[in-house]
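Enquirer: The structure that follows is given in the form of structure tokens.
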Amino acid sequence: MRYGIFSDIHSNLQAMEAVLESYLKENIDKYFCVGDIVGYAANPIECLDWVRKLNPVIVAGNHDWAVADLFDMEYFNPIAKQAVLWTKEVLGEKEKSFLGNLPMVFEDENFSLVHGTLDNPQDFDYLTNEFIAKRTFAFMKNNLLFVGHTHVAGIFIEDGGSISYFEEESIKLTSNKRYIVNVGSIGQPRDGNPRPSFCIFDTNTKVLETRRINYNIQEAKKRIIEAGLPSYLAERLSIGH
Ligand SMILES: [Fe+2]
């Protein structure tokens, strides 16, 4: 099976469509979305429609739950808060109810999904270092976890007692190690590279790839400005921050 795993679209329709075009060439059997479909950019309804057409397994992001009134607005900085409020105005009750019904964690015998961390998923903490990764490894019931939230793609590997961090485009997973894979962000990358990030995992070969592609950033920026959202949300797309 070939899995497509992606996260943090954040209402960026232009980035989402470019990623879909890439995925369609990859014979993907099943999709997985690690949360934050909405928030920040200008096309939440269209992004939600695209994601639902893929029929993925989805877990909730903090923005998804915030627009559904399930997560405290005090968590957000003023610009993010403005984007959440704007998104709440644009979405209908059906969309908010869909987002509000997303689960916090997906888990089966092979792998799991969570937006932030497994130790306190409802707090949406950022999994940014080996110390925080260790706490999440302790809660894993399998060998592979996909996360999002930081908007920075990378892989924590637990090998015996030690945990290391890598940023690899392609890696072959082995059964004697455990992995936390941050798939990065489609709609608002924050690693200095403005190109959308998304993953492909082949369950037969055990090869995990992280792809980056170009998209029409200017159009995404234009839509943000036209929507009356904070201009910083447009500017940051160009610098990948
Ligand atoms: Fe996010």
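Here, each number is a calculation from the coordinates, and none is a lab measurement. If you're wondering where the values come from, they're calculated on a predicted model, not measured in any experiment. Quick reminder, even Gly has a Cβ in these numbers, built from the backbone with ideal geometry, and neighbours come from all protein chains shown.
Enquirer: Starting with the fewest neighbours, write out Phe32, Phe139 ranked by other beta-carbon atoms found within 10 Å of each beta-carbon.
Expert: So the residues, fewest neighbours to most, are Phe139, Phe32.
Enquirer: With angles folded into 0 to 90 degrees, how steeply does helix 217-226 sit against the dominant principal axis of the chain? Use alpha carbons for both and round to 10.
Expert: Between helix and principal axis, roughly 40 degrees.
Enquirer: Note down the magnitude of the dipole of the chain about its Cα centre, charges +1 on Lys and Arg C-beta and -1 on Asp and Glu C-beta and zero elsewhere, to the nearest 20 debye.
Expert: 340 debye
Enquirer: Here is a follow-up. Taking the Cβ of each residue in His151, His115 as the centre, tally the other Cβ atoms inside 10 Å and list the residues starting with the fewest.
Expert: By the 10 Å Cβ count, ascending, the order reads His151, His115.
Enquirer: Over the range 1-92, consider all pairs of different Cα atoms and compute the Kirkwood hydrodynamic radius from their mean reciprocal separation; express it in Å, one decimal.
Expert: Evaluated on the range 1-92, it is 13.5 Å.
Enquirer: Can you run phi through the Karplus equation (6.51, -1.76, 1.60; θ = phi - 60°) for the range 75-86 and list ³J(HN,Hα) in whole Hz, with x for Gly and Pro?
Expert: So the Karplus estimates, Gly and Pro as x, are 5, 8, 6, x, 6, 5, 4, 4, 5, 5, 5, 4 Hz.
Enquirer: Run the quick spin-label model on Ile171 and Arg2: label points 7 Å from Cα toward the beta carbon, then report their separation in nm to one decimal.
Expert: For the pair Ile171/Arg2, the computed spacing is 2.2 nm.
Enquirer: Within the range 176-195, whose backbone N sits under 17 Å from a point 7 Å along Cα→Cβ of Ser162?
Expert: What the label zone holds, given the 17 Å backbone N cut-off, is 176-179.
Enquirer: Residue-wise, which Karplus ³J(HN,Hα) couplings in Hz belong to the range 180-188, taking 6.51 cos²θ - 1.76 cosθ + 1.60, θ = phi - 60°, and x for glycine or proline?
Expert: 10, 10, 8, 7, x, 10, 6, x, 7
Enquirer: What translational D, rounded to a whole number of µm²/s, comes out for the range 117-219 from Stokes-Einstein when the hydrodynamic radius is the Kirkwood one over Cα pairs, at 10 °C and 1.306 mPa s?
Expert: In µm²/s, the coefficient rounds to 111.
Enquirer: Can you grab the distance from the C-alpha centre of the range 200-241 to the C-alpha centre of the range 100-168, Å, no decimals?
Expert: If we compute the Cα centre of each part, the gap is 22 Å.
Enquirer: By its C-alpha gyration tensor, with a ≥ b ≥ c as the square roots of the eigenvalues, how is the range 179-232 shaped: rounded for a/c under 1.5, else prolate for a/b larger than b/c, else oblate?
Expert: Taking the square roots of the gyration eigenvalues as a ≥ b ≥ c, the range 179-232 is prolate.
Enquirer: Given bins 5 angstrom wide, list per bin the percent of all Cα-Cα distances in the chain, short to long.
Expert: 1, 7, 15, 20, 20, 17, 11, 6, 2, 0, 0
Enquirer: With each run of n ≥ 4 DSSP H residues scored as -39500 (n - 2.57), what mean residue ellipticity at 222 nm is computed for the chain after dividing by its residue count and rounding to the nearest 500 deg cm²/dmol?
Expert: -9500 deg cm²/dmol
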